[in-house]
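Heads up, the thing below is written out as structure tokens.
The numbers here are math on the coordinates, done by the rules we state, and not lab data. All figures in this text were calculated on a predicted structure; none of them were measured in a lab. Ideal geometry is used to build each Cβ from the backbone, glycine not excepted, and the neighbour counts take in all protein chains shown.
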Amino acid sequence: MKTSLTSLLFVLLGISALAQTPVNFRLNLEKGNVYTVKTTSKQTMQQTVSGQQYAVDIYSNRVVSCKVLSQEQEVMEIVFTYDTIASKISAPMFTRETNSANPGTEPLERIMNKMSTYPLKAKISTTGKFIGFTNYSMYKDNVLFVIDSLPASKKDEARKQADILLKESALKSLIEPLFAYFPDKPVNTGDAWETSYLSTSNDITTVVLNAYTLKGLENNQATIVGTSTMETLPSKDPDAQITQELKGTSAFAGTLDLATGLVVKSTENSHLEGEATVRNAGTVMKVQMKVDSQSEIIMFH
């Protein structure tokens, strides 16, 4: 009986030690394999202008494929291709849909179509840190080439839209959040860590501060939960037509594949509030805003 109890004690100690083995999260993509990530989101914006309220619903769908071209020590060169960049905006006075799969006739549609046609290459560390683009100038030139085929009356509008969409900070914001969840050191179940990044969209930059916790490990997958705080930064452009002062939080829950380091599936709910300032033809309009959104990420391999 004493021997059986001793054996049981060693088994329990072994299980306990195994459970406390730190997990070292790393991005470990196999060269040549294609990994596809689909992100869908639904946003509802409640806007108040001069005491009048109205809602705008935005549905977006983004599918990006990535493939490792090379790796030197802890840095990978990855090629990203945006197979789909689609959105639908529903407002009281209009509905607008765009899809990068269709060239369309409007400048924005033509630019988005070219953005999804050409690959964008970047260096990413095995800890998920964005290092830099390796073909940014070529990518931008290839997309801007489409402006030459537009009517003269639409070229100025196209250049303005392209300047916003093709800024290096805006393109970085399409990639960096995909890997912005890696801890700097190995973690145990129950451990917490923080990450941060800047997100730029439509010339508006938001600082995102994330706090994650490892909840559990099972079947070579990690369950992670977290919260984020978000705040827009003051615009540095004195001529900006739209500026925003928004703050908010979000809640995240997802599973990670330990073999690749990629998110298998995640969901996030967020809420932002604040004020937007719109300048047009010498007039200034203040818009009170509340933005609620739900998003989901699914990884295919």
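Contact order for the chain, expressed relative to its length and based on alpha carbon pairs under 8 Å spaced 6+ residues apart, stands at 17 percent.
What's the magnitude of the charge dipole for segment 29-144 around its Cα centre, counting Lys and Arg as +1 and Asp and Glu as -1 at the beta-carbon? Answer in Debye, nearest 20. Intermediate values should be presented prior to the final figure.
Values: 13 positive and 10 negative charges, 11 e Å.
With Lys and Arg at +1 and Asp and Glu at -1, about 60 debye.
Longer than 20 Å from Cα to Cα, which of Lys42/Lys265; Lys42/Lys121; Lys160/Lys236 are they? Say none if no pair is.
Working: Lys42/Lys265 17 Å; Lys42/Lys121 28 Å; Lys160/Lys236 17 Å.
Among Lys42/Lys265; Lys42/Lys121; Lys160/Lys236, the Cα-Cα distance tops 20 Å for Lys42/Lys121.
Think of each Lys and Arg Cβ as +1 and each Asp and Glu Cβ as -1; about the Cα centre, that makes the dipole of segment 22-300 roughly 340 debye. Taking amide H as placed 1.01 Å from N in the peptide plane, Thr127 has its amide H under 5 Å from the amide H of Leu27, each at least 5 places away in sequence or on another chain. Which residues make up the longest stretch of the chain clear of GluC sites (Glu not before Pro) that lie in a DSSP loop with no more than 14 other Cβ atoms within 10 Å, not counting the sites? Between the exposed loop sites, the longest stretch runs 75-301.
Here the Karplus relation 6.51 cos²θ - 1.76 cosθ + 1.60, evaluated at θ = phi - 60°, turns the backbone of segment 72-86 into coupling constants of 10, 6, 9, 10, 10, 9, 10, 9, 10, 10, 8, 5, 9, 10, 10 Hz, with x for every Gly and Pro. Computed from backbone phi with θ = phi - 60° and the Karplus coefficients 6.51, -1.76 and 1.60, the 3J(HN,Hα) list for segment 93-100 is 9, 6, 10, 9, 10, 9, 8, 5 Hz; x is used for glycine and proline.
Annotation: amide H-H contacts under 5 Å for Thr189 (H modelled 1.01 Å from N, sequence separation of 5 or more, or interchain): none.
In the structure shown, the pairs Lys88/Lys114; Lys38/Lys154; Lys38/Lys67 are assessed against 23 Å; a Cα-Cα span above that value is assigned to Lys38/Lys154.
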